[in-house]
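Right, one structure below, let's go through it.
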Amino acid sequence: MRSSPSWTDIQSRVSKGLHYRYTAYPLFLILMMYKLIMLDHQLHIANMKLDQADYVIAVGSLLLISFWTLWLPARGRLVSLTLLNLVWTGIVYADLIYYRYFDDFITVPVLMQAGQVGSLGDSIRSLVHGVDLLFFIDWLLIVPFTAAIVFRKRKRAFIANGFPGEYRQQRRARVLRRLVTGTLALILGIAMTFVPIKRASDTWAVGLFEGNWWNITLYNVTGLIGFHGYDMYRYGRDHLLGQPKLAEEETEQVKAWFDAKRAVPAGTDAMFGKYKGSNVIMIQTEAFMNFVIGQSIEGQEITPNFNQLMKDSMYFSNFYHQTGQGRTSDADFVTHSSLLPLPTGSVFTRYADRKYDTLPEILKEQGYAANAFHAYDSSFWNRTTMYREMKYDRFFSKKDFEMTDVQGWSLSDKAFFAQSLSYMKDIQQPFYSFLITLTSHHPYYVPKDGRKLDTGEFEGTIFGNYLQSIHYVDEAFGQFVDQMKQQGLWDNTILIIYGDHDNSIKDQPDYEKFLGRKLNALDMEQIMNQVPLLIRLPDGGNAGVYPEAAGMMNVTPSILHLLGVSSEPYYWIGSQLFDERPRLIPLRSGAFSDENVFYLPSETAGLEGGTCYDLATRQPTDIQACREGYDETQKELKISDQVITYDLLKQFKASGGGERGETK
Ligand code: GP9
Ligand code: MN
């Protein structure tokens, strides 16, 4: 008969069970879970709450970063877990501090950017809060305990001498046990991390990993550890793997293309430098499409203020937005760099660290101040990082605005304009100010008391709401112009307004009803790809409608032309808009337009797969009429992709091509 265990037996079993050999690992998981949850609470991200899947993913990814410690003997495991705790606590906390300032997490490109973290400067102190001590409090016990174990004398030698056979057997069993538990933890970690992430990316977060428009949404799906894992993968994919240097011959071809483009005589030059020294204010307007311009509904103009402004401005009536998956960020990129967007994802999020000849950077070299204004989270579309690369002096983002009047996603455009202009009072002139509006963002909600347009049969539909929303933005333009005048900016500032992309409403019958005519495929394609471009010169000069094809890639060369900055040193795909040279405007889809034709591609590859429209008859014509433009479009898209992915401008500039900044 077995006697029941004595008190000392129980005591010794309990203390064995509490041995760090068994407790260190679960304790590590618990402590790190607690830190990840604490981080999440501190972030205060609107509309994001931890759910069950988030907890599963957090445990899963903790298993993934630590499973290998289970393969080690007890002491090695303890030391490794302590080091993991120190490193990951450091990362979590650095992310928190960075987030408090930039609304973003630290990424590999951020770490590579010189001075990025340093730019927090004096702010650091205000970003550290008392409660943060809770992230480190466990160190007080863990670190001394680990040190004590490491420096403790080993007592095991005599056992090995005493019972060699038995000891070896025990040892083998232990090694096997460790191997099995470690491997199980790895398998469990993979399952717990990737199954729920896959489920999210198949359902509510579709396209997240292709588009990755916002690090915060990524974090919301993957958790912090997963986010850093994905960020490293993304960086490796885009920068290290599969991106060997472009062959010298091809690099030369790209350079030769830019050189040949420069060699074309510039044509009439009366506008060059005519507005040298003027301020420039450029407004990128959310989902502002061209088809509403000059239109009315129930006897009311949709855009009365814009229409008024057109009278003493240059209005480009066939201006294409040229954006791809990067939407707003692509509009910003193409407009400021005169390159084209990528076939997948956004240049802002994928290649912020490349060299581009951008408007703010060039203007800074000309002695301008350059500032960006957008009343939304600064990390959206990776703007914080990209704007730093573009050399803006400052990016006035959501936290710089007082939320006096919230509409839709954020501060209303009217309040946004007023506050931006009041910031400009303190900015040294000449300045460049880039403003991005937001109120007219999908789903175009306008509060009841703000609905000033009678949208008739569209009342209560998304199309009706869109018109309502654009009518609101137009009213904001009116106020903006008045305030510019009051502030003494009207006569010394070039004002540019354009729309960023379409409104994602694709129902043809809506457009037909609104415009009161039947539309063909060409009409629809132009409607969805055209946004208005208005350039108001300080003296109201050159006013009129300019129907020649134009696109976002023409904007930076045009502004610099007006200011008397030669295009000579720069690598741009587009050219300025003030001469008679024929223009070809490529779209990311492979479509293009010039003054005679519009080419519409289809899923079937190659020129013949698409349709060539004659713009005079607006009917399909012989496909060969589009051949030349098709080849050029393909070439320009490829050149732009190569410049971006292989960082070719950096190479060109390093080898002496293109000295900066001299004026013609
Ligand atoms: C938010 C805004 C919206 O900052 O740029 O981007 P979008 O969804 O239009 O691309
Ligand atoms: Mn947009």
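Relative to the longest principal axis of the Cα atoms of the chain, the long axis of helix 627-645 lies at roughly 40 degrees. For the chain, the longest principal axis of the alpha carbon atoms and the long axis of helix 139-151 meet at an angle near 50°. Descending by average beta-carbon neighbour count within 10 Å, the peptides 605-612, 411-418 line up as 411-418, 605-612, the highest first.
Using Stokes-Einstein with the Kirkwood hydrodynamic radius over Cα pairs, what translational diffusion coefficient do you get for region 271-578 at 25 °C and a viscosity of 0.890 mPa s, in µm²/s rounded to a whole number? Before the final figure, lay out each step's value.
Working: Rh = 19.5 Å.
Approximately 126 µm²/s, per Stokes-Einstein.
Which translational diffusion coefficient, to the nearest whole µm²/s, is obtained for the chain from the Stokes-Einstein equation, given a Kirkwood hydrodynamic radius over C-alpha pairs, 20 °C and 1.002 mPa s? Estimated via Stokes-Einstein, D reaches 76 µm²/s. Cross-link check: pairs Lys255/Lys635; Lys49/Lys448; Lys355/Lys653 evaluated at a Cα-Cα cut-off of 20 Å; pairs beyond the cut-off: Lys49/Lys448.
Place the peptides 368-378, 632-642, 485-495 in order of packing, highest mean first, counting for every residue the other Cβ atoms within 10 Å and averaging per peptide.
Top to bottom by mean Cβ count within 10 Å: 368-378, 632-642, 485-495.
Here's the list of lysines a cross-link from Lys485 could span, going by alpha-carbon distance under 17 Å and ignoring same-chain residues fewer than 8 apart: Lys311, Lys414, Lys425. In terms of the mean number of neighbouring beta-carbon atoms within 10 Å, the peptides 133-143, 395-405, 286-296 order highest first as 286-296, 395-405, 133-143. The ellipsoid that matches the Cα gyration tensor of region 394-455 has semi-axes, each √(5λ) in whole angstrom, of 26, 12, 11, with the longest given first. Placing unit charges on the Cβ atoms of the charged side chains and taking the dipole of region 7-239 about its Cα centre, the candidate lying farthest along the positive direction among Gly189, Trp214, Leu179 is Leu179.
Between the Cα long axis of helix 248-263 and the first principal axis of the chain there is an angle of about 30°, rounded to the nearest 10. Here the extension length gained between Asp202 and Leu141 equals 17.6 nm, from 0.36 nm per residue of separation less the Cα-Cα distance.
For the Cα trace of region 7-239, dividing Rg by the Kirkwood Rh returns an Rg/Rh value of 1.04.
Here, each number is a calculation from the coordinates, and none is a lab measurement. A quick note: this is a predicted structure, and the numbers were derived from the prediction, not measured. Positions of Cβ are backbone-derived with ideal geometry, glycine not excepted, and every protein chain shown enters the neighbour counts.
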